[in-house]
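Worksheet: one structure, shown below.
The values are calculated or read from the model by the stated rules, or taken from the named source; none is laboratory data. Small disclaimer: the values here were computed from a predicted structure and weren't measured. Please note: Cβ atoms are built from the backbone with ideal geometry, for glycine as well, and neighbour counts cover all protein chains shown.
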Amino acid sequence: MKRLLITVIILATQFIGYSQEGATKSVKPRPFNITIKETSGKTLRGILGRATPDSLYVTLNNMPSNSFYQLSPEQLEKLTLRRKGVMGKSILIGTAVGMITGVIVALSEGDDPLDEFYLGMSTGEKVAAYGLGLGGAGAVVGTIVGVAASKKFIIKGKKENYRVHYNDIAQRAMTR
């Protein structure tokens with residue numbers, strides 16, 4: 001009993017010490033994918049780098065990561081921002097939840113009784129069928145959630161509209 005108590009006390013003090021984040025710990029900003037529709041009709045895709053009150057800096061997909069393409073608010077028709085990797089994560093989580101639910105439902109139903117006019121399914125067959133079926137449905141739901149996670153800003157080439165949305169855009173930028 002003493003050994004267990006000492007172990008719990010040591011672990012508790014370790015968790016207390018490591019759970020405090022110091023002020024020196026820097027958080028790496030997570031990049032946002034950006035899709036820009038310009039007033040000229042051209043569509044650009046890249047990563048949002050920096051936002052200032054007068055311009056937007058973007059690293060385009062075909063450019064080196066340390067060079068930025070500058071856009072003024074007059075060039076911007078519509079912006080769509082999505083956190084990098086959110087689609088893959090949401091599809092993966094939806095598929096996993098669907099498959100796990102299918103397996104649980106199949107295991108809870110058990111084997112079907114064999115009947116002359118009805119071909120019963122075994123538990124293993126149900127696990128495969130329900131897991132795949134609900135896994136596919138979960139992937140569809142995950143895709144919908146991933147698409148809904150994007151944020152759209154309509155600028156229409158006006159500085160006033162850009163300034164209205166500036167704080168939200170700057171909050172998502174890699175550097176400020």
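List of remarks:
- Single unsatisfied condition, residue 94 versus (1) assigned to a loop (DSSP other than H, G, I, E, B); (2) surrounded by 17 or more Cβ atoms within 10 Å (Cβ to Cβ); (3) small (Gly, Ala, Ser): (1)
- Failed criterion for residue 126 (all others in (1) outside the structural domain of residue 56 (by TED's automatic domain parsing); (2) among the basic types (Lys, Arg); (3) within 21 Å of residue 79 (Cβ to Cβ) hold): (3)
- Failed criterion for residue 40 (all others in (1) at pLDDT 90 or above; (2) among the polar types (S, T, N, Q); (3) surrounded by 16 or more Cβ atoms within 10 Å (Cβ to Cβ) hold): (3)
- Set side by side, the residues 99, 87 differ, and just one is in a helix (DSSP H, G or I), at pLDDT below 90 and among the hydrophobic types (A, V, I, L, M, F, W, C), which is 87.
- Number of residues in the stretch 115-165 that are among the aromatic types (Phe, Trp, Tyr) and at pLDDT below 90: the value is 2.
- Among the criteria (1) farther than 30 Å from residue 38 by Cβ; (2) not in a helix (DSSP H, G or I), the one residue 137 does not fulfil is (2).
- Meets criteria (in contact (Cβ under 8 Å) with a residue 40 or more places away in the chain and not charged (D, E, K, R)) for residue 34: yes
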